[in-house]
Every structure is written in structure tokens, then in C-alpha cells.
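The values are calculated or read from the model by the stated rules, or taken from the named source; none is laboratory data. Note that the structure is a prediction, hence the values are computed from the model and not measured. With ideal geometry, Cβ positions are generated from the backbone for all residues, glycine too; neighbour counts draw on all protein chains shown.
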């Protein structure tokens, strides 16, 4: 195995491929950092460039784009409070508040370093335990996927800081929005009102850009009408070393390890992706934290959890792609096409018939991770200068880029109107104090839950007990019930606290 890995490094570190990968990581970081542009778009646009390249060079370029774009989202998430990609949604929850508190250097440094470590952890999983993990994922059917989706949806309350009712409302609304379009299984048009543009439903990119980017632009524009303290420019951010201390790094190791496992595990499951794993890892970090009340106010734990998990999903998504020929997310679906263009058929036989190429892919992932670490730290001085650009110049540019990214999805003006509509909804959420994260979770997991539920009923011929008798799905549904009960008990205790304290106080006064 090590001989093959050395051969892979020898191929990847040749001057031509190394320069291609350096350019690929840099372009990927830009696509990840610009709201509205994603890894999917970066790889789709660069895929034709690989036609004239050999298999090793072509696949290495696609992998470099994948790694760079996945990590690049943290830049705008922390600096502008706008997630560059779906995989960096949870990074905004604490990254942006850290920037506002003057800890931007720490947030950026930790995000980059733990993005690198998450990628390396997922590569190790891909290289050593890919076949076994892929077999487990392959055994999952509609019952298991439905139960996992329900369990994930019950975690919405954890992100509902202050009001469980508002969080549940946001999650249900997100689920409802995801049902717009052609229904799964029976292909019935729902909530389209005769508009053919709605047949395909709403894209996650348009929802994400609208709810976060456009809503943030509207919110900042509102505050710009009434500037505080003369609209003082933000203080410059200075990076020393990695931006954080060794003690802080060591203190985050358990959090990073747990988040990496979550990212790898969710990455293996086809169709879920890093857009979900970073939020789930964030929730898990909050549950296990000694100071959960600090989440959402600017804590390093939140940034580490999100960035470790989303990059760990890279190797996780590659596991079913290489071992089973099943893409784990939209990016690996495009990469599957790239492999087949070069005459490579992913599957169990790939490790036998084209073992040198497989280890070239492993080497390309490792080199891309190192390039990402170097280029992002080198480019931080440039990225941070974004803060010096006046808001009245920067925000219109962001809005135009959001519109370009939305239009690039399917070349439809309708998608531009969609991001504006969701921008207004996101702004309304901000004004009403409703959390946005539960809405996104409901929107992402809604289609998976509905499709799996209906397919599960088809398999069991309408028998609902199949979801309970199946060991894996029954376990996850039981955990969902426990999660709901635990949240309700927490709400009950919180509501009882002041009631039990006041009588004692009054009695003492009398």
C-alpha cells in the first residue's frame, strides 16, 4: 500500500500536476468565499478543461477545486457573516460574533487549521476503512434514512436559543418550503399554482443565498441609514502565528475528533452532504460543551466543530464514490462524471484494476489539503482587506455576485427573484427573533424524510410498523423521542425556575 502511495505522490508532485492543483485550490477558495458560487459550480465550470488532460491530472484538478471550495466558505462566513457555501452555514453562528468581538484572527486561524485537520482525518478514513464503511452505508434503506432524518429534525430545538416554539416554527416552515414542486414517487405537482418555474422546487443555493446573504445585506443597509458613532471603520485584524494558542488548540481536540467522525459518517451517506454535517456537528458540540450558553455569541468551539465536520465530509463523500460508484453529494456526482470521462469506472473492482490511480487520488487529496492550508493563510492578509471597503460599495457588489450565482444555476431570472424573496423572509426572521438554522435544517432534510417515508411504506405495503421493527430505524426513532422529551423537560425546568424562586424571596421579605 505504501509503495502505491509513494507512486501516487510522485505523480501528483510532478511540475504540471502540482501547478494545476495549486491553481485549482486557489480558484476553489475564491468560489467558496464568494456568496452564491459553490464547489459544484467550480467543478462544473472546470470539468471541460480536464478533457485534454490525463486521468491523474484531470482528477487531481477536480479534487483541488473540491478541497479549496469546501474550506473557502469560512472566509465570507467569518468576515461578512455570509456563508460562502452550504457547508459553512454553522460557521457564521460563532465566527461572525468572534469577528465583532475583535477575535477575527482566532476564528480565521482556527477555521483554516481545523479544516485542514478534518480533511486529513477523512483521507485517513478513506484510505484505511473505506470498504467496511461503504458496506454499512449500502445496507441503509428508506426506513433507516427516514429515521435518521426525523432524529436530525428533532435536534432543531437545540438551535432555538431562547424559544423552542420559534425554532420548531422555523423548522416546520423550512420543511413546508421543501415540498414545493414535483412530489417524489408519484410526480404530482404541489404548491406550484400553475407556475412551471416552481416544478423543480427551490434550490438549496437560492434559499441559502437569500436567507443569509441577501437578508444580511438588507439588515446592514437598514443600520447604515442610522450610523452609530459616525460609522467607524472596523479595526484591522492582525494574524500572529495561527491566530490561537497551543492551549486552545489542545482544548479543541475532543471537539474536533467528534466533529470529524460526524463529518465522515454523514459524508458517507449518499445525498446528505456537508450542508447538513456542519450543522449537526455544531449541535453536538453545543450539547457536549461546558458553556453551551456561549454558542451563538462567539465561541471557538462552534467554529471548530463546523469547519472540521464540513471538510471531513470530503473524504467521507469519496468513500461511496470510489468503492460503490455512488456519489455522496452533488460535488461527487460531478466528479463521477469526470471519472467516467477518463474511462474510469468506480466500484469495488477499482481498487484491484486501477490501484495506482486510487492512491494517486489519495495523494492528491493530501497535497490539496496542504495547499489549502498554505494558500488560505497566505491570502488572509488580502481577504481581511475586505473589511476596509466601505459598506456602500461592498454590499452592492455582494448583491450582484449573489444574483450572478443564482442565475448561473439554470440561467433563469426566476432564481434571482427567488433569492430576493428569501432575503425578505430572512430579514423578517431577524426582526422577529426567529432562528434561521432550523429553517435550513428543515429545508435540507425535508425531501430526504418525505422520500424515504414514502418508499418505506411502498416496501412494507403500507405497514407503518416497519419503521419500528427495523433495528436501525427503530433505534433512531427512539432516540428522536428521547431528544424531544429531553428538550421539553429542559423547557419545563427553565419555566419553573423563576416561579419557585420568587415565593422564597417574598417570604424572606415578609
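Of the helices (runs of 4 or more DSSP H) lying entirely inside segment 1-119, the ones with 1 or more residues being farther than 23 Å from residue 394 by Cβ are found at 2-12, 15-33, 39-46, 55-79. Residues that are over 24 Å from residue 146 (Cα atoms) and crowded, with 18+ Cβ neighbours inside 10 Å within segment 430-465 comprise 434, 435, listed in sequence order. Of the residues contained in segment 162-173, one or more are found to be assigned to a loop (DSSP other than H, G, I, E, B), closer than 30 Å to residue 292 by Cα and either at pLDDT below 80 or in contact with a helix residue (DSSP H, G or I) (Cβ under 6 Å, 6 or more places away or on another chain) (or both). Taking residue 414 as the residue in question, decide whether it is touching a helix residue (DSSP H, G or I) at 6+ places or on another chain (Cβ under 6 Å) and either without any contact (Cβ under 8 Å) to a residue 60 or more places away in the chain or over 27 Å from residue 152 (Cβ atoms) (or both). So residue 414 fits the description; yes. Can you confirm whether residue 43 is modelled with pLDDT of 80 or more and crowded, with 24+ Cβ neighbours inside 10 Å? When the stated conditions are applied, residue 43 does not pass them. Of the residues 271, 265, 243, the single one that is part of a loop (DSSP other than H, G, I, E, B), closer than 28 Å to residue 318 by Cβ and either modelled with pLDDT under 80 or within 17 Å of the chain's Cα centre (by Cα) (or both) is 271. Do we find a residue being in contact with a helix residue (DSSP H, G or I) (Cβ under 8 Å, 6 or more places away or on another chain) and at positive phi anywhere in segment 36-46? Among the residues of segment 36-46, at least one is in contact with a helix residue (DSSP H, G or I) (Cβ under 8 Å, 6 or more places away or on another chain) and at positive phi, which makes the answer yes.
The set of residues in segment 403-429 that are more than 28 Å from residue 43 (Cα to Cα) and surrounded by 22 or more Cβ atoms within 10 Å (Cβ to Cβ) contains only 426. Residue count for segment 183-200, restricted to those that are assigned to a strand (DSSP E or B) and at pLDDT 85 or above: 1.
Every condition in (1) over 28 Å from residue 261 (Cβ atoms); (2) modelled with pLDDT under 75; (3) not in a loop (DSSP other than H, G, I, E, B) is met by residue 156 except one, and the failing one is (1).
Residue 372 satisfies every condition listed in (1) at pLDDT 90 or above; (2) over 22 Å from residue 104 (Cα atoms) except (2). Only one of the numbered conditions (1) modelled with pLDDT under 85; (2) closer than 28 Å to residue 474 by Cα is violated by residue 178, and that is (1). Here residue 228 meets each of (1) modelled with pLDDT under 75; (2) surrounded by 13 or more Cβ atoms within 10 Å (Cβ to Cβ); (3) not in a helix (DSSP H, G or I) with one exception, condition (2). Within segment 281-313, the set of residues being surrounded by 23 or more Cβ atoms within 10 Å (Cβ to Cβ), at pLDDT 85 or above and within 27 Å of residue 142 (Cα to Cα) comprises 281, 282, 309, 310, 311, 312.
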